[in-house]
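What follows is calculated from the coordinates using simple rules that are stated; it is not laboratory data. What you are looking at is a predicted structure, and each value in this text was computed from that prediction instead of being measured. As a convention, Cβ positions derive from the backbone with ideal geometry for all residues, glycine included, and neighbour counts pool all protein chains shown.
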Amino acid sequence: MWGFWLLLFWGFSGMYRWGMTTLPTLGQTLGGVNECQDTTTCPAYATCTDTTDSYYCTCKRGFLSSNGQTNFQGPGVECQDEDECVTRDVCPEHATCHNTLGSYYCTCNSGLESSGGGPMFQGLDESCEDVDECSRNSTLCGPTFICINTLGSYSCSCPAGFSLPTFQILGHPADGNCTDIDECDDTCPLNSSCTNTIGSYFCTCHPGFASSNGQLNFKDLEVTCEDIDECTQDPLQCGLNSVCTNVPGSYICGCLPDFQMDPEGSQGYGNFNCKRILFKCKEDLILQSEQIQQCQAVQGRDLG
């Protein structure tokens, strides 16, 4: 009842002195002045919080106070835009951060897209994933080129054994035609010959040599051409009464002592042959002796 009487008294007093006083607000009566009712109490981009005997200002999200305090009072303090792209790590790898007034947004770099599927996003919950341009467009490099996907881009390349005469720019279709590469420049090992083919090549060991992998034609750079020992392969390579001497890539035939090469034979035609050297006794030069008799006996045996 006391409170009701007081209100009634105030009402009566106000009515009695109608022209001389104004009615105070309920907030002023119960808790003092509410400074937050004045919109200029706090600066722009700030919220005002009234307390029992005072107030304080707080900058909104995306803004920072010019004095560095979270809660502040008084004139001269401003709420300035926070550049989240500088002050915080807010965007994932392979993304670009764009600052806005009181906020920011992320965009994936060229050739990548966000895992959420949108063009713009905030925070580290999404990631930027590579776009495989080669899979999405099989005709990107044309029918004669190979499309190679790279992080954020792609390149057009010739098939193995071919090259482009002009420089190619990443992320652009190929310009020009693929030309065959002559791989036979110092490609094959020693004692071999190189044969260029369209888009490839092969090596062949010279005659008298064999590849270390046993193949007639090969491309393996680890393969060597090793000499074939023809004399070991065939002990009768040069025929009877002869000596076979191996040389790199070939062999040489010779005759044993007291034998000579048959003029009708030839090593090149594979019919090399050695014949015994006939010894003629020179009776007119050699005196009658036991040696002459032995010589004539040998000569008769050879003729027989």
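Note on residue 138 and residue 198: the model spin-label points, each 7 Å out from Cα along the C-beta direction, lie 2.3 nm apart.
Computed about the Cα centre, the dipole magnitude for region 204-252 is approximately 120 debye when only Lys and Arg (+1) and Asp and Glu (-1) carry charge, each at its Cβ. The label point for residue 80 and the one for residue 278, both projected 7 Å from the Cα toward the Cβ, are 12.4 nm apart.
Region 40-112 and region 184-216 have Cα centres separated by 73 Å.
Given their separation in residues at 0.36 nm each and the Cα-Cα distance between them, residue 148 and residue 36 gain 34.0 nm when the chain is fully extended. Dipole orientation for region 139-240: of the candidates 139, 207, 192, 139 has the Cα lying most toward the positive pole (charges on Cβ; Lys, Arg +1; Asp, Glu -1). Backbone geometry of region 180-186 corresponds, through the Karplus equation with coefficients 6.51, -1.76 and 1.60 at θ = phi - 60°, to 3J(HN,Hα) couplings of 5, 8, 7, 6, 7, 9, 6 Hz, x marking Gly and Pro. For the pair residue 130 and residue 182, a Förster radius of 41 Å applied to the C-beta separation gives a FRET efficiency near 0.70, rounded to the nearest 0.05. Phi angles of region 96-105 translate, via the Karplus equation with coefficients 6.51, -1.76, 1.60 and θ = phi - 60°, into HN-Hα couplings of 10, 9, 10, 7, 10, 5, x, 7, 6, 8 Hz per residue; Gly and Pro are given as x. Descending by average beta-carbon neighbour count within 10 Å, the peptides 147-156, 243-252 line up as 147-156, 243-252, the highest first.
Computed from label points 7 Å out along Cα-Cβ, the spacing between residue 69 and residue 98 is 3.7 nm. Dividing the alpha-carbon radius of gyration of region 100-223 by the rule-of-thumb value 2.2 N^0.38 Å gives 1.71. Applied to region 139-152, the Karplus parametrisation 6.51 cos²θ - 1.76 cosθ + 1.60 on θ = phi - 60° returns per-residue 3J(HN,Hα) values of 9, 4, 9, x, x, 9, 10, 10, 8, 10, 7, 10, 5, x Hz, with x for Gly and Pro. Amide H to amide H, with H built 1.01 Å from N, residue 262 comes under 5 Å of 273, 274, 275, counting only residues 5 or more places away or on other chains. Evaluated with a Cβ-only charge set (Lys, Arg +1; Asp, Glu -1), region 85-130 carries a dipole of roughly 260 debye about its Cα centre, given to the nearest 20. Ranked for footprinting exposure by Cβ neighbours inside 10 Å, fewest first, 63, 259 give 259, 63.
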